Amino acid sequence: MTKLVIFDCDAVLVDSEPISNGVLARMLTAEGLPTTLAEARRDYQGLLLGEVLLSAETKLGRPLPHGWLARYERERSVAFRDELKPVAGAAEAVRRVSAAGIAVCVASQGKLEKTRLTLGLTGLRELFGPGALFSAESVPRGKPHPDLFLHAASVMGSSPASSVVVEDTPSGVTAAVSAGMRALGYAADSDEVALREAGAETFHSLDELPRLLDLE
């Protein structure tokens, strides 16, 4: 019996990935590392910011300027305020799960400040309790390791076997499977084959979530 649904944030609840990676591509290109939006999504999506920085500097062959990462976060926040929208059906899906008596939370690779910002801008923040937001910065290892999801389930009072994770990346699915949780792979804008190979049951619309959780 499902007692907890853990949602990833970016590309599951908020349509942030094209914005984040568009800013990243532009700023890397300006530093002499030509990068398209597609390349940024392929190479950096789902990574911790420190991993993004290390990977970009390795490709560039030199360190990025001091403060570059902080500037990226500032410019990304500005872009969010101008462009960010919720993923279609996200609010209703969360409400349906909650109405069924199942706890909900968010577990993201990003900082808590970013999660609060994006959920707030899209009107989704009120759907999650004050202690129901979790960041990979709070655990020793981020995705694809299980630490984040195990931590979230523990705080929320659910066992791994009673927890379901909704993810859009293979690394997130791998983390869920490693944690002993059921993984639902949201494939609307992701590689469905890769999600399945990582161990997810795939679906293409958040409207399908209640059925997948046997709520209908």
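The values are calculated or read from the model by the stated rules, or taken from the named source; none is laboratory data. Since the structure is predicted, the reported quantities are computational estimates derived from the model, not experimental observations. When we count neighbours, we look across all protein chains shown, and the Cβ atoms used for this are built from the backbone with ideal geometry, even at glycine. Surface areas here come from the heavy atoms of the whole protein model, side chains and all, with no ligands, DNA or RNA. Shrake-Rupley method; radii C 1.70, N 1.55, O 1.52, S 1.80 Å.
The table below gives the values:
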quantity	calculated
Among the residues listed as 75, 83, the single one being touching a helix residue (DSSP H, G or I) at 6+ places or on another chain (Cβ under 6 Å), open to solvent by less than 70 Å² (accessible area, probe 1.4 Å), modelled with pLDDT of 95 or more and over 20 Å from residue 163 (Cβ atoms)	75
Test for residue 107: is it outside any strand (DSSP E or B) and of a type in the set (A, V, I, L, M)	no
Only one of 107, 100, 38 that is more than 23 Å from residue 144 (Cβ to Cβ) and either open to solvent by 50 Å² or more (accessible area, probe 1.4 Å) or not charged (D, E, K, R) (or both)	100
Selected residue (only one of 51, 92, 39 is out of contact with any Gly (no Cβ under 6 Å at 6 or more places or on another chain) and under 14 Å from residue 22 (Cβ atoms))	39
Matching entry among 117, 127 (being open to solvent by 30 Å² or more (accessible area, probe 1.4 Å), closer than 23 Å to residue 70 by Cβ and not charged (D, E, K, R))	117
Selected residue (criterion: farthest from the chain's Cα centre (by Cα)) from residues of the stretch 86-101 that are without any contact (Cβ under 8 Å) to a residue 40 or more places away in the chain and in a helix (DSSP H, G or I)	99
Failed condition for residue 111, given (1) among the charged types (D, E, K, R); (2) under 26 Å from residue 1 (Cα atoms); (3) in contact with an Asp or Glu (Cβ under 7 Å, 6 or more places away or on another chain)	(2)
